[in-house]
Structure formats: structure tokens, C-alpha cells
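Below is one structure, written out as C-alpha cells, with a few remarks after it.
The values are calculated or read from the model by the stated rules, or taken from the named source; none is laboratory data. Computed from a prediction, not measured in an experiment: that's the story for all the values here. Every residue, glycine among them, receives a Cβ derived from its backbone with ideal geometry; neighbour counts consider all protein chains shown. Quick note on the areas: whole protein, heavy atoms, side chains included, nothing else; ligands and nucleic acids left out. Shrake-Rupley method; radii C 1.70, N 1.55, O 1.52, S 1.80 Å.
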Amino acid sequence: QVEYRVWNPFRSKLGAGILGGLDSIWMKPGSKVLYLGAASGTTVSHVSDIVGPEGVVYAVEFSHRSGRDLVNMAKKRPNIVPIIEDARHPAKYRMIVGMVDCVFADVAQPDQARIVAINSHYFLKNEGHFVISIKANCIDSTVPAEAVFAREVKKLQEENFKPSEQLTLEPYERDHAIVVGGYRMPKKK
């Protein structure tokens, strides 16, 4: 049976990025995705649809309240592995998560770039990809959003990430950007 669902860009950074014109989210049927900041699982459920029955979504959420909703949603979707844990400590879930094709992050933490980096060092395959939603005022509310985005991109580059695309999430979110790119990409000859 076919199911049609609304994907609200005002409630999903990934949805907003797709509508905003991202070239690729690097998630397709069969993909393995590590999703950091899964919340109650609304966007996770859409990623679950994208990767399909051959794919898997490892959904990490720290909040127990949101995590309860995430676990309940995952009961109906066998390709979602809910993990109620702090994304700052990927060693705690290393026995559950395999190597992934893509890391998606929406954690809204001041050390978000570090969180994405440490999880990618553990789980993201070489030449894998990342999609990161950056909320400027969670990182530094004293400088313009563009300056925060540039600083975060620089931190990612220092950790072997190669950003290929960046766009703001206006009109869906204020002072948010989404950055997409590759990880440990081969050096150009």
C-alpha cells in the first residue's frame, strides 16, 4: 500500500533544506544514516522512508521525553534503531551503530562541530557524506549568523570534512544554515 504524508519544512531542517534547493542530501534507498538529534522522530521517519527496508537509520536522541516518542515511532518502522544517549559520547553506542554512508546532525549545541566530528571518526565511512544543520544563536548569539556559519565550516574543514554546499533555511528557520559535503575525500591529483 502507498502512504502519502506531509513533510513540513517549518518543523524539519532537512525538509527545509530540500525545499531550499540542496543538490543532494546523500540519503537514498539502501543508505545507512546516523541521525544525531533525532528528537521525537518526525524527520527520522521521513529519512526512514527514503532509505527504505534495505537501509537503516541510527537515531540518537539525548532527551528521555523525546526519546520515548522516538522509541514508540520506531516500533512501527523496523529500519530505525533508536538510541537514547548523549551524542557527545559515541563510544557508549559503538556496539549498536555500524559504519554509515551519511551523518545528519541537528543537535543545536555550542560544540556541534566537535560532536559531528567525533561521531564521524567512529562511524562515517571514508568518502561518506554529512548534512549538518547549524543554528547560529546556539553557538554564539553575539556575532552575525554568517560569521558563525563561516567559523563552523572552518572547524569542519579542520576535521577532514569537505563542505560542498551551504544554504540558509529562510523562510522556514531564522539564523539557520545547512551545510553538506564529503568526509575524508580523496586528494585531487
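Quick notes on this structure:
- Sulfur and carbon atoms: percent of accessible area, the stretch 127-189 [1.4 Å]: 48
- Accessible area per residue for the chain, computed on protein heavy atoms with a 1.4 Å probe, is 53 Å².
- Ordered from largest to smallest accessible area (heavy atoms of protein chains, 1.4 Å probe), the residues MET185, MET95 come out as MET95, MET185.
- The chain: DSSP helices with Cα axial extent of at least 18 Å and average Kyte-Doolittle hydropathy no lower than -0.5: 145-158
- Each Cα pair under 8 Å and six or more residues apart adds its sequence gap; the mean of these over the residue count of the chain is a relative contact order of 20 percent.
- Checking (1) 8, 30, 33, 21, 7, 1; (2) 10, 39, 39, 12, 1, 0; (3) 8, 21, 17, 14, 17, 16, 7, 1 against P(r) over Cα pairs in 10 Å bins from 0, in percent calculated from these atoms, the matching label is (2).
- Only one residue of PRO110, PRO144, ILE83 has its Cα farthest out toward the positive end of the dipole of the chain, where Lys and Arg carry +1 and Asp and Glu -1 on Cβ, and that residue is ILE83.
- Gyration tensor (alpha-carbon) shape descriptor, the stretch 1-70, a/c threshold 1.5: rounded
- The modelled label-to-label distance between LYS189 and ARG11, using points 7 Å beyond Cα along the C-beta direction, is 5.0 nm.
- Net +/- balance of residues flanking LYS187 in space, Cβ distance below 15 Å, scoring K and R +1, D and E -1: +3
- Cβ charges +1 (Lys, Arg) and -1 (Asp, Glu), total dipole of the stretch 1-63, debye: 100
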